[in-house]
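Heads up, the thing below is written out as structure tokens.
The values are calculated or read from the model by the stated rules, or taken from the named source; none is laboratory data. Everything numeric in this text was worked out from a predicted model, so none of it was measured. Because the Cβ atoms are built from the backbone with ideal geometry, glycine has one as well, and the counts that use them run over all protein chains shown. What goes into the accessible areas is simple: the full protein's heavy atoms, side chains included, and nothing from ligands, DNA or RNA. Shrake-Rupley method; radii C 1.70, N 1.55, O 1.52, S 1.80 Å.
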Amino acid sequence: MKILAIDSSAISAGCAIVDDGNLIAESFVRVGLTHSETLLPMVSNTLANAKLTADDIDCYAVSSGPGSFTGIRIGVASVKGMAFASGTPCVGVSTLEAIAWSCVAQDGVICAVMDARRQQVYNALFTSDGQDIVRICADRAVSIEELTEELKNQQRIIHLAGDGAVLCYESMKQSLANVRLIPEHLRYARGFGVAMAARKIIKEIGAVPPEKLIPTYLRPSQAEREKLNLKLKK
């Protein structure tokens, strides 16, 4: 099965084509441009480099959240548009699980963290056996302080990955002697990780038609929070 997988859930953007678990082609950028500028040209180039067309793709996969509200919507909308045109099934995967797949060879606990700017992070914990990852907890949004307190119970090495990893590491390193930063080239969600997470979902529950692919949000958007604050002030 050929899966075309994309990620646009944070600052970086990625696209990969995986055939039965084998990486065929991959692209990745982290240059600060909007995903509406980079994502579809990247998909087109990745297909061209693999000598494939959209007709060769058996399933589309996308990181459907958590992450940037705008980035998630761009990714989901892009996949839905491509899938509708060809009638191809889709899979939405956890961005945090996609990040963890990049770190599958690490021995210890993988802590995928995103969006640490407000001292609250999206996060989930995983362990790895070098071949697969096992989820320890559900995706959630908690404060860095709460996450640090929870990780004090972990005796194994804790590997921080994701676009919130550096800020979390700076906050945690004085309290947690066993916390480590994942190397830069493995730290972010990539198309390959999205595809590997999708393969697991396809095997367990199957893909969905494009009209059933939806974003996953763990907390209200800024616009929704501001609207609620205005109501409370009245």
Breaking point among (1) open to solvent by less than 30 Å² (accessible area, probe 1.4 Å); (2) farther than 25 Å from G130 by Cα, for A25: (2)
All positions within the range 182-210 that are assigned to a helix (DSSP H, G or I), open to solvent by 20 Å² or more (accessible area, probe 1.4 Å) and in contact with a strand residue (DSSP E or B) (Cβ under 9 Å, 6 or more places away or on another chain): L186, F192, M196, R199, K200, I201, I202
Enumeration of residues in the range 161-179 that are more than 20 Å from the chain's Cα centre (by Cα) and not acidic (D, E): S171, M172, K173, Q174, S175, L176, A177, N178, V179
Residues being in a loop (DSSP other than H, G, I, E, B) and under 19 Å from S12 (Cα atoms) - total across the range 58-83: 3
Total residues in the range 1-20, condition open to solvent by 10 Å² or more (accessible area, probe 1.4 Å) and within 19 Å of R73 (Cβ to Cβ): 2
Count of residues meeting criterion [in contact (Cβ under 8 Å) with a residue 40 or more places away in the chain and either on the phi > 0 side of the Ramachandran plot or out of contact with any Phe, Trp or Tyr (no Cβ under 6 Å at 6 or more places or on another chain) (or both)] in the range 133-162: 10
Meets criteria (farther than 22 Å from P89 by Cβ and in a loop (DSSP other than H, G, I, E, B)) for L33: yes
Test set (1) over 16 Å from I214 (Cα atoms); (2) at pLDDT below 95; (3) open to solvent by less than 10 Å² (accessible area, probe 1.4 Å) - G71 fails condition number: (1)
Residue list for the range 160-181, restricted to those being surrounded by 22 or more Cβ atoms within 10 Å (Cβ to Cβ) and either polar (S, T, N, Q) or under 30 Å from K2 (Cβ atoms) (or both): A161, G162, D163
Residue within the range 100-111 that is open to solvent by 70 Å² or more (accessible area, probe 1.4 Å) and over 30 Å from E170 (Cβ atoms) present: no
